[in-house]
Amino acid sequence: QVQHVESGGGLVQPGGSLRLSCAASRIIFSFYVMGWYRQAPGKQRELVAIITSGDSTNYADSVKGRFSISRDNAKNTVYLQMNSLKPEDTAVYYCNARTIGANYWGQGTQVTVSS
């Protein structure tokens, strides 16, 4: 069974930083587009950032210049470095692995930005 283990969420003050990690198992990691999505209370899940197997990246406009996605294929892990965090970044962040015919989600990790 495919499993993603997410870590790194928590409570941080505005302007602070967090680094999320997602370790995937039981997939050929390098074949997958990896992404981070988030869902705030009362809102739909939205794309934060994705990274392809060739390390091409794409970001939501709201996080450009503040967040950075990266991957380590040797460790089957994708990261999301989040800087200059704002209260509106508060959400549950989900790891996603996607390829043709397959789409897997992690269990989510809570990020709260508050003073």
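The values are calculated or read from the model by the stated rules, or taken from the named source; none is laboratory data. Predicted model only: the values in this text are computed from it and were never measured. Please note: Cβ atoms are built from the backbone with ideal geometry, for glycine as well, and neighbour counts cover all protein chains shown. We work out accessible area using only protein heavy atoms, side chains counted, and drop any ligands, DNA or RNA first. Shrake-Rupley method; radii C 1.70, N 1.55, O 1.52, S 1.80 Å.
Out of all DSSP beta bridges in the chain, what portion is antiparallel? Express it as a percent rounded to 5.
Looking only at bridges with both residues in the chain, the antiparallel portion is about 95 percent.
Ranked by accessible surface with a 1.4 Å probe, highest first, in what order do E46, E6, E88 come?
Sorted by accessible area, descending: E88, E46, E6.
Gain in length, Q81 to R66, computed as 0.36 nm per residue apart minus the alpha-carbon separation, to one decimal in nm?
4.6 nm
Could you pull the Rg and Dmax for the chain, using just the Cα atoms, both in Å?
13.4, 43
At a Förster radius of 35 Å, what calculated FRET efficiency corresponds to the Cβ-Cβ distance of A74 and L47, to the nearest 0.05?
That pair, A74 with L47, gives E of 0.85.
Under a cut-off of 27 Å between alpha-carbon atoms, report the lysines in cross-link reach of K86, not counting same-chain residues fewer than 8 places apart.
Straight-distance partners of K86: K43, K64.
Could you order peptides 57-66, 90-99 by the average number of other Cβ atoms within 10 Å of their residues, highest first?
90-99, 57-66
First select every other residue whose beta carbon is under 15 angstrom from the beta carbon of C22; then total the charges, Lys and Arg +1, Asp and Glu -1.
Around C22, the charge tally is +4.
Can you return the aspartates and glutamates within cross-link range of K75? Criterion is Cα-Cα under 16 Å, with same-chain partners fewer than 8 residues away left out.
E6, D55
Accessible area per residue, 1.4 Å probe, Å², for region 5-115: what's the number?
In whole numbers, region 5-115 has 52 Å² accessible per residue.
Stretched out fully, how many nm does the piece from W105 to F31 gain, at 0.36 nm a residue minus the Cα gap?
The W105-F31 span can extend by a further 25.1 nm.
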